[in-house]
């Protein structure tokens with residue numbers, strides 16, 4: 001008896017997760033609230049309760065936002081003298097708002113990656129047993 005695993009294209013799953021959709025079917029919603037995953041996909045029934053993105057999405061969001069803001073600060077400094085209050089009124093709000101905007105998309109991509117790679121609770125799911133002659 002050989003268990004056959006369904007094909008899980010990584011980039012497609014990440015793309016669907018980034019769109020905040022189920023990584024398997026791309027139809028059902030991934031979240032029931034801002035960052036709270038649905039228990040299961042409303043379309044295909046994929047169990048999402050075992051998905052664990054943990055600290056990876058915030059790390060990626062901080063990494064991206066940090067690089068964008070440092071690049072913006074360097075550009076501003078090289079363009080001429082900058083009032084320090086410029087940073088207070090622009091960089092502080094951007095450093096709070098940008099990660100909040102990016103987090104659902106990044107977490108969806110991480111959940112899609114986990115599903116495609118069979119990580120965490122997705123490893124045992126979706127196996128179909130078949131008899132190989």
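Quick note: the coordinates plus some simple rules give every number you see, no bench work behind them. All values derive from a computational prediction rather than experimental measurement. Please note: Cβ atoms are built from the backbone with ideal geometry, for glycine as well, and neighbour counts cover all protein chains shown.
Quick rundown of the values:
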read-out	value
Members of the stretch 17-27 found to be farther than 22 Å from residue 100 by Cβ and crowded, with 19+ Cβ neighbours inside 10 Å, listed by number	22, 23, 24
Residue 43, sole failed condition from (1) within 19 Å of the chain's Cα centre (by Cα); (2) surrounded by 12 or more Cβ atoms within 10 Å (Cβ to Cβ)	(1)
Restricting the stretch 47-59 to residues that are assigned to a loop (DSSP other than H, G, I, E, B) and free of Cβ contacts under 8 Å to residues at least 40 places away in the same chain, the residue that is surrounded by the most Cβ atoms within 10 Å (Cβ to Cβ)	54
Any hit, the stretch 26-46, residues being assigned to a helix (DSSP H, G or I), in contact with a strand residue (DSSP E or B) (Cβ under 8 Å, 6 or more places away or on another chain) and within 24 Å of residue 11 (Cβ to Cβ)	no
Extreme residue, nearest to residue 23 (Cα to Cα), among residues of the stretch 65-120 that are touching a residue at least 60 places away in the same chain (Cβ under 8 Å) and out of contact with any helix residue (DSSP H, G or I) (no Cβ under 8 Å at 6 or more places or on another chain)	118
